[in-house]
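Beneath this line is the structure, given in structure tokens, with notes to follow.
The values are calculated or read from the model by the stated rules, or taken from the named source; none is laboratory data. Computed from a predicted model, the values in this text were never measured in an experiment. Cβ: placed from backbone, ideal geometry, glycine included. Neighbour counts: every protein chain shown.
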Amino acid sequence: MASRPGQARKVPRIALTGGIASGKSTVARLFAALGAKLIDTDQIARDIVAPPSPVLALIAARFGPGILTADGALDRAKLRQIVFDDPAARLDLESLTHPAIRAEVARQSATAGGPYQLVAIPLLVETGAAEDYERVLVVDASPEVQLARLMSRDGATPHAAQRALAAQATREARLAIADDVIDNSGDVAALAPQVEALHHRYLKLAQP
């Protein structure tokens, strides 16, 4: 990561990903508390469709005004149901949102600074963006743990929880692109030592 004379130091970017209910948000908060600059693509995805928004207009044009609430905001639950049941519709939605998300990630990354940046990307495998980052960190939990958390956290039925897991990349696919792995199959207390160890590793990446 050394910089040439007169050249700005490049801030290392770590992609953080993991399956649904794996604990990505908890891990991200722990890193942020240690000083990592966090860029959250879930938050960006919400921001880019906040009205008035050209992306929201494109989504409404593709899926119809029925996916808007009475006050013109995006009805996420309704849109989620449409794309959940229709892979082609999901691809259409991604073609409308992903370019805007990538552009906003780049904009935030250029100004965030920090010793390193943690970019939370739940769909990293699905979007094929792993090569854009210095390292990939996967928060891992067994499917059994994910199912139990989904049913407890969201009140999901076993069938709905299974469908949610099946709609994502497999655990094996995520682990295949991982440079680093945090095991979150157990107690939350076990996360902090793992996060601290990786934080120090990433600080070394940032050294000139």
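List of remarks:
- Residues satisfying the stated conditions in segment 85-107, i.e. over 18 Å from the mean Cα position of the chain (by Cα) and not aliphatic (A, V, I, L, M): Asp85, Asp86, Pro87, Asp92
- The lone exception for Arg149 - which of (1) modelled with pLDDT of 95 or more; (2) buried (at least 17 other Cβ atoms within 10 Å of the Cβ); (3) among the charged types (D, E, K, R) it fails: (1)
- Selection from segment 8-23 of residues that are buried (at least 24 other Cβ atoms within 10 Å of the Cβ) and at pLDDT 95 or above: Ala15, Leu16, Thr17, Gly18
- Selection status of Arg107, surrounded by 13 or more Cβ atoms within 10 Å (Cβ to Cβ) and not polar (S, T, N, Q): no
- Pick from segment 40-68, criterion touching a helix residue (DSSP H, G or I) at 6+ places or on another chain (Cβ under 9 Å) and among the polar types (S, T, N, Q), ranking: nearest to Arg107 (Cα to Cα): Thr41
- Inspection of segment 114-125 identifies at least one residue that is farther than 22 Å from Ala32 by Cβ and either surrounded by 14 or more Cβ atoms within 10 Å (Cβ to Cβ) or of a type outside the set (Gly, Ala, Ser) (or both).
- Some residue of segment 14-29 being in contact (Cβ under 8 Å) with a residue 60 or more places away in the chain, outside the structural domain of Met151 (by TED's automatic domain parsing), under 21 Å from the mean Cα position of the chain (by Cα) and under 30 Å from Leu191 (Cβ atoms): no
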